[in-house]
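What follows is a single structure, written as structure tokens, with notes after it.
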Amino acid sequence: SWDEMSQYDLPAFYDYILKSTQKKKLIHVGHSEGTLTAFGAYSLRGDVQSQVSLFIALAPVAWLSHQRSLLVSALS
């Protein structure tokens with residue numbers, strides 16, 4: 001499930017990449033589900049968020065049905 005990917009898989013990916021490259025931080029470019037798992041991981045675990053210098057969310061998974069902004073409605 002996406003919450004397990006956020007809690008376990010994404011942190012393991014980050015740890016592996018940082019250990020393999022000997023870098024301190026990484027840049028995450030996520031698309032759709034990749035953004036969902038990242039947002040989940042960043043909200044659940046501060047240690048994961050601190051490993052990222054830049055997060056680019058392409059086509060994030062989101063629902064805008066409850067918002068009231070005309071601008072946001074037009075943009076969505």
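What follows is calculated from the coordinates using simple rules that are stated; it is not laboratory data. Given the structure is predicted, the values throughout are model-derived calculations rather than measurements. Here the Cβ is made from the backbone with ideal geometry for all residues, glycine too, and neighbour counts use every protein chain on show.
Which far-off residues, 5 or more places away or on another chain, put their amide H under 5 Å from the one on residue 52, with H placed in the peptide plane? It is 26, by chain and number. With everything on Cα atoms, drop me the angle between helix 10-21 and the longest principal axis of the chain, reported from 0 to 90° to the nearest 10. Helix 10-21 sits roughly 50 degrees off the main axis of the chain. Each peptide among 14-24, 30-40 gets the average number of other Cβ atoms lying within 10 Å of its residues, and from highest to lowest they stand as 30-40, 14-24. Each Cα pair under 8 Å and six or more residues apart adds its sequence gap; the mean of these over the residue count of the chain is a relative contact order of 34 percent. Computed from Cα positions, the angle between helix 33-44 and the longest principal axis of the chain comes to roughly 70 degrees. Placing +1 on the Cβ of every Lys and Arg and -1 on the Cβ of every Asp and Glu, with nothing else charged, gives the chain a dipole about its Cα centre of roughly 340 debye. Between residue 52 and residue 1, residue separation times 0.36 nm minus the direct Cα-Cα distance comes to 16.1 nm.
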